[in-house]
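Notes for the one structure printed next.
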Amino acid sequence: MRAAVLTAYGVPTFGTFPDPEPTDGFATIAVKAAGLNPIDLAIAAGKIAARMPQLPSVAGSEGVGLMDDGARVYFNGCKAPYGAMAERTLVTPARTLPVPDGISDGVAVALGIAGLTAWLSLSWRARLVPGEHVLILGASGAVGLLAVQAARLLGAGRVIAAARSAEGLERARAAGAHATVVLEGSESDIADAIRAQSGNRLDVIIDPLWGVPAATALQVASAGARLVQLGSSAGGQMPFNPAFMRGPQISLLGFSSGTVPQPEKAAAYAAMCAAVLRGDMAIPVESLPLAKVADAWQRQADFPHHKLVLEP
Ligand SMILES: NC(=O)c1ccc[n+]([C@@H]2O[C@H](COP(=O)([O-])OP(=O)(O)OC[C@H]3O[C@@H](n4cnc5c(N)ncnc54)[C@H](OP(=O)(O)O)[C@@H]3O)[C@@H](O)[C@H]2O)c1
């Protein structure tokens with residue numbers, strides 16, 4: 001079958017791979033679209049010790065496909081050495097999520113790793129209370145743009161989108177952000193802008209960036225605020241004096257969508273699908289043929305500001 005094959009740590013190449021056979025607990029699925037995520041780049045590069053890929057193997061963590069009975073489902077976590085970026089792969093049926101009619105394959109993929117992270121980091125991890133003020137860092141990215149919309153749908157009183165890209169902030173505002181902050185200038189410029197745009201109240205910070213943006217946001221957060229840590233696109237280090245966090249009892253919460261219980265994921269995915277069908281949630285998606293996997297890899301590394309999916 002056609003596949004994006006990893007033969008050495010780095011970038012997969014378009015080629016062929018043996019077809020998967022169903023085995024105990026795993027079923028074959030015909031892939032319609034596979035998502036590209038920062039984590040796919042990191043895994044393929046051999047940068048995640050707990051998730052070193054077999055060589056050779058098929059790349060890709062998530063996708064949408066058709067089960068043998070014709071059901072269209074979202075899947076995640078294929079059985080190695082099979083991955084999502086191929087004509088067929090192996091999935092655990094109990095971990096698939098139904099995709100309703102009316103939702104494109106690409107959007108159904110975007111609601112997976114990116115969407116579940118956006119929604120569950122707010123609802124399940126931060127325990128967002130309606131009316132709270134929420135800052136979304138990295139709002140120009142897939143997770144950030146979906147988090148802006150999830151925060152509105154979950155009842156946030158004020159949603160502030162922050163990113164470097166002016167165009168990305170424009171999209172976040174169109175998607176429902178009440179205010180925006182450009183992540184440029186000195187730390188005190190950024191802190192002043194967050195204070196002003198949040199109305200001096202900041203309860204939840206969704207953080208796919210870490211580094212200076214997260215450190216700055218934490219220091220202007222309100223008493224009882226929670227920062228949900230998703231990723232470190234702005235760097236792995238955050239040197240700061242933590243004394244300010246103690247009195248106001250500010251919390252740092254780690255989050256990985258992979259560890260959330262399946263019923264919570266299923267409910268969140270269904271809620272997002274319903275929002276898309278109502279016209280309350282959207283994400284731009286670009287579909288590329290699987291043969292363009294190397295180009296797609298480079299574009300994801302350069303932050304595409306929309307969701308990239310590969311179609312076998
Ligand atoms: N924990 C989890 O379960 C989980 C799940 C999904 C994703 N993540 C993580 O969340 C992050 C975002 O994922 P994504 O799918 O949204 O990726 P994405 O679509 O590529 O977006 C990443 C965004 O990061 C911003 N960015 C990159 N470098 C930056 C820097 N130095 N300073 C400030 N902003 C920077 C870019 O915005 P600008 O171009 O506007 O700067 C870009 O839009 C990644 O680190 C990913 O690994 C974690």
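The lysines whose alpha-carbon is closer than 20 Å to the alpha-carbon of LYS32, local same-chain residues fewer than 8 away aside, are LYS79, LYS292, LYS307. Kirkwood hydrodynamic radius of the chain, from the reciprocal of the average inverse Cα-Cα distance over all distinct pairs: 19.8 Å. Rounded to the nearest 5, the antiparallel percentage of DSSP beta bridges internal to the chain is 50%. Note: relative contact order over region 115-258, using C-alpha pairs below 8 Å and six or more positions apart, is 22 percent. Excluding ligands, DNA and RNA, the accessible surface per residue across the chain is 42 Å² with a 1.4 Å probe. Helical content alone sets the calculated 222 nm signal of the chain at -8500 deg cm²/dmol, taking -39,500 (n - 2.57) per DSSP H segment of four or more residues and averaging over every residue. So which aspartates and glutamates can LYS265 reach, going by Cα to Cα under 15 Å and dropping same-chain residues fewer than 8 places off? Counting by Cα, and skipping residues close in sequence, LYS265 has these aspartates and glutamates nearby: GLU62.
Using a Gaussian network model of the chain in which every pair of alpha carbons under 10 angstrom is joined by a spring, one finds that among ASN76, ASN200, ASN241 the greatest mean-square fluctuation is at ASN241. Solvent-accessible area of the chain (1.4 angstrom probe, protein heavy atoms only): carbon and sulfur portion equals 53 percent.
Peptide packing for 154-164, 297-307 was compared via the average number of neighbouring C-beta atoms within 10 Å per residue; ordered from the highest value, the list is 154-164, 297-307.
The values are calculated or read from the model by the stated rules, or taken from the named source; none is laboratory data. Computed from a predicted model, the values in this text were never measured in an experiment. Using ideal geometry, Cβ is built from the backbone for each residue, glycine included, and neighbour counts are taken over all protein chains shown. Quick note on the areas: whole protein, heavy atoms, side chains included, nothing else; ligands and nucleic acids left out. Shrake-Rupley method; radii C 1.70, N 1.55, O 1.52, S 1.80 Å.
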